[in-house]
Amino acid sequence: MGVTYEASDRLARLVLDRPEAGNALDLDMARALRDQVERALGDPYVDIITLTANGEDFCLGSDTSDAEQADDPTTAVFELAAALEELFALLNSSSKLVLVGVHGRAMGSGLGLVLAGDLAFCAGDATFCVAPKGGTGAPDPGLAWLLPRAIGQQRALAFGLGGRTLDASTADDWGIAELAPDGDVAAALKDAADNLGGKHLWANTEMRRLLHASWETSRTELSQSEAVTLVRALLTRNKR
């Protein structure tokens, strides 16, 4: 199915495992990854989710080869787009922190996976591009919503127009993915999970929730939610 899953030590480790295709997301793999994310979200013994990939590249984008050969390509493309949107929406609305580790190329929906997580770390060889490898030049589904929210409208235009590719240093500067110290993505993910979890988990999870809610909540409602969160934190602290 192209995705492996392991859970231990309060972490769910999801790995894209279709290296022969550059971990490109076809319909089956997109649905499999969605299912594994749901599995992690439903596991009470998991606090944090990490997403990495096997092979030379993180993810070369959506794989439309099956759609191109289908009797009804339009329906096949819409099915893939729906599966990707379900996946990105699930990651965006996650009740658990999502950390992404990137090496090689992250293109199209691979970039979408990076942006849908909470924190991303990349190796020095990582590159990022809006258009998927071998595609039509059009962005993969989901990126038009994710990209400007991550880096701003004008920067998203500068990035997306003309098929520009970002290197790891630029991606770090733009806030897409932090360049891992010494290029060690695994160590950066472990350090982040250790720092965000444990006694800090509740506060970090609430911070994530509030920041995500700011896009879809009025200022007044968000302020009230912040106040409720602060009350809960004070009451919890006073009970210790």
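The values are calculated or read from the model by the stated rules, or taken from the named source; none is laboratory data. Please read these numbers as outputs of a predicted model, since none were measured by experiment. So basically every Cβ, Gly included, is an ideal-geometry build from the backbone, and we count neighbours across all protein chains shown. Ligands, DNA and RNA are stripped out before the accessible areas are found, and what is left, the full protein with its side chains, is counted by its heavy atoms. Shrake-Rupley method; radii C 1.70, N 1.55, O 1.52, S 1.80 Å.
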Those residues of the stretch 86-106 which are touching a residue at least 40 places away in the same chain (Cβ under 8 Å), open to solvent by 10 Å² or more (accessible area, probe 1.4 Å) and more than 21 Å from GLY197 (Cα to Cα) amount to GLU86, HIS103, ARG105
Checked pairs for the stretch 27-38, first closer than 15 Å to ILE49 by Cα and without any contact (Cβ under 8 Å) to a residue 24 or more places away in the chain, second open to solvent by 10 Å² or more (accessible area, probe 1.4 Å) and in a helix (DSSP H, G or I), C-beta under 6 Å and 6 or more apart or across chains, list as none
Name the single residue, out of those in the stretch 115-143 being at pLDDT below 90 and among the small types (Gly, Ala, Ser), that is surrounded by the fewest Cβ atoms within 10 Å (Cβ to Cβ). GLY137
Looking only at the stretch 107-114, decide whether some residue is part of a helix (DSSP H, G or I), modelled with pLDDT under 90 and crowded, with 21+ Cβ neighbours inside 10 Å. no
Name the single residue, out of those in the stretch 146-171 being open to solvent by 80 Å² or more (accessible area, probe 1.4 Å) and free of Cβ contacts under 8 Å to residues at least 12 places away in the same chain, that is farthest from VAL77 (Cα to Cα). GLN154
Extreme residue, farthest from LEU143 (Cα to Cα), among residues of the stretch 172-183 that are surrounded by 15 or more Cβ atoms within 10 Å (Cβ to Cβ) and at pLDDT 95 or above: ALA180
ALA186 - would you say it is in contact with a strand residue (DSSP E or B) (Cβ under 8 Å, 6 or more places away or on another chain), open to solvent by 50 Å² or more (accessible area, probe 1.4 Å) and either of a type in the set (Lys, Arg) or assigned to a helix (DSSP H, G or I) (or both)? yes
Close pairs (7 angstrom Cβ cut-off, 6 or more residues apart or separate chains): farther than 14 Å from LEU97 by Cα and open to solvent by less than 60 Å² (accessible area, probe 1.4 Å) in the stretch 1-15, among the acidic types (Asp, Glu) and assigned to a loop (DSSP other than H, G, I, E, B) anywhere: GLY2/ASP17; VAL3/ASP17; THR4/ASP17; ALA7/ASP43
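Kindly indicate whether any position in the stretch 211-233 is part of a helix (DSSP H, G or I), under 20 Å from GLY117 (Cβ atoms) and open to solvent by less than 100 Å² (accessible area, probe 1.4 Å). Steps first, please.
The first filter runs over the stretch 211-233 and keeps only residues part of a helix (DSSP H, G or I), leaving 211-213, 219-233.
Pick out the ones that are also under 20 Å from GLY117 (Cβ atoms) and you get 211-213.
Remaining after also requiring open to solvent by less than 100 Å² (accessible area, probe 1.4 Å): 212-213.
Yes, the conditions are met somewhere in the stretch 211-233.
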Output for Cβ contacts, cut-off 6 Å, separation at least six or different chains, first residue modelled with pLDDT of 80 or more in the stretch 206-226, second open to solvent by less than 60 Å² (accessible area, probe 1.4 Å), reads GLU206/THR229; ARG208/ASP118
Residue list for the stretch 38-54, filter: crowded, with 17+ Cβ neighbours inside 10 Å and touching a helix residue (DSSP H, G or I) at 6+ places or on another chain (Cβ under 6 Å): VAL46, ASP47, ILE48, ILE49, THR50
Restricting attention to the stretch 195-210, report how many residues are part of a helix (DSSP H, G or I) and open to solvent by less than 90 Å² (accessible area, probe 1.4 Å). 10
Look through the stretch 55-82, keep the residues that are surrounded by 20 or more Cβ atoms within 10 Å (Cβ to Cβ) and more than 24 Å from ALA126 (Cα to Cα), and return whichever of them is nearest to the chain's Cα centre (by Cα). LEU80
